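Peer 1: Mind looking over this structure? Questions follow.
Bear in mind these aren't lab numbers, they're just calculated from the coordinates by the rules spelled out. Predicted, not measured: the structure shown is a model, and the values here were computed from it. Every residue, glycine as well, gets a Cβ built from its backbone with ideal geometry; the counts of neighbours run over all protein chains shown.
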Amino acid sequence: MNTNKKLNNGVLPSTIEVGEDSIVEIKNLVKNFPIGNDFFTALKGINLTFTEGEFAGLVGPSGSGKTTLLNIIGSLDVPSDGDVTVLSHSISNLTQKQAAQLRKEKLGFIFQNYNLLPVYTVYENVEFPLLLLDISAGERKKRVLETLEWVGLSDKIHSRPSQLSGGECQRVAIARAMVKRPSLVLADEPTANLDSENSHNVLQTMVKLNRELKTSFIFATHDDKVIGYLHRIIRLEDGKVVDDRPQTPNVSRFIGKSPMGDLNIPLSNTNSSDTNLGGAL
């Protein structure tokens, strides 16, 4: 993976040398939030490394720090101390404009509430992040239709969010995150508002994208259904990592029931310089 390519006329600063396959390196991370004249420490000395193609999860009870950590990895927040390097860029050293550029070009986000634009069709919601980049109308159409096919929603392109089920809305959100071929997708409780069947359909979609596009996924979750799909579990308690271990997913009885079928993704297109970009939403 080449993370040292120039991005949009050099808006992002020079990259930092990290491990060859490393996409995220976290060293001695501390995050404090002010409370009156004092502060609350949400993250305490976190040290983690994520490599290309991971399907990993930050798990733990509410208040354990998993969403705070995900936000820092996604350049939505900054460390109080320590260093977080994402795709060879130090989060602490980015300006707000540079952080926005990193999110727009290299990261995809999936939220529990979908965050779809209600007046836009499925097609328009998925196309929206591409409008922020210098991509021709023909290329935008190609990518949107291709991505909607991946998530099994080709027949819903003219529908609006209010006409979709919760599972379909979340698959639109996945398509929107994936349409620019991000290097890393961050998913915060993506199944929180879904029933069991829709949860498994959505998770199978992400598993297939991870496997066939080699896109890295990091989840923040306490949902056992999500945890069952993870290849790596990082458990947080009171702002500290208390366990970090690999896992063999135990979901074989669900595989094959996805509405998507095989993705048939043309892998020759996934590493081109103009498509290996990240979601802004």
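Peer 1: Identify, from the list THR67, THR121, the residue that is closer than 22 Å to ASP238 by Cβ and hydroxyl-bearing (Ser, Thr, Tyr). Let's see the steps before the verdict.
Peer 2: Working: THR121 fails: closer than 22 Å to ASP238 by Cβ.
From the options THR67, THR121, the qualifying one is THR67.
Peer 1: Is it true that ARG176 is surrounded by 23 or more Cβ atoms within 10 Å (Cβ to Cβ) and either on the phi > 0 side of the Ramachandran plot or not acidic (Asp, Glu) (or both)?
Peer 2: Spelling it out, ARG176 is indeed surrounded by 23 or more Cβ atoms within 10 Å (Cβ to Cβ) and either on the phi > 0 side of the Ramachandran plot or not acidic (Asp, Glu) (or both).
Peer 1: Residue by residue through region 190-236, note down the ones that are touching a residue at least 60 places away in the same chain (Cβ under 8 Å), of a type in the set (S, T, N, Q), farther than 12 Å from GLY53 by Cα and surrounded by 18 or more Cβ atoms within 10 Å (Cβ to Cβ).
Peer 2: THR191, THR221
Peer 1: If a residue has to be in a loop (DSSP other than H, G, I, E, B), in contact (Cβ under 8 Å) with a residue 24 or more places away in the chain and in contact with a helix residue (DSSP H, G or I) (Cβ under 9 Å, 6 or more places away or on another chain) to count, how many in region 73-87 make the cut?
Peer 2: Within region 73-87, the first condition is being in a loop (DSSP other than H, G, I, E, B), and the residues that meet it are 74-80, 87.
Narrowing the set further to residues that are in contact (Cβ under 8 Å) with a residue 24 or more places away in the chain leaves 74-77, 79-80, 87.
Narrowing the set further to residues that are in contact with a helix residue (DSSP H, G or I) (Cβ under 9 Å, 6 or more places away or on another chain) leaves 74-77, 79, 87.
Qualifying residue count for the region: 6.
Peer 1: Any residue in region 113-127 that is surrounded by fewer than 19 Cβ atoms within 10 Å (Cβ to Cβ) and touching a strand residue (DSSP E or B) at 6+ places or on another chain (Cβ under 9 Å)?
Peer 2: Taking every residue of region 113-127 in turn, at least one turns out to be surrounded by fewer than 19 Cβ atoms within 10 Å (Cβ to Cβ) and touching a strand residue (DSSP E or B) at 6+ places or on another chain (Cβ under 9 Å).
Peer 1: Determine if region 88-95 includes at least one residue that is under 21 Å from LYS66 (Cβ atoms), free of Cβ contacts under 8 Å to residues at least 40 places away in the same chain and not acidic (Asp, Glu).
Peer 2: Checked against the condition, which is being under 21 Å from LYS66 (Cβ atoms), free of Cβ contacts under 8 Å to residues at least 40 places away in the same chain and not acidic (Asp, Glu), region 88-95 yields at least one hit.
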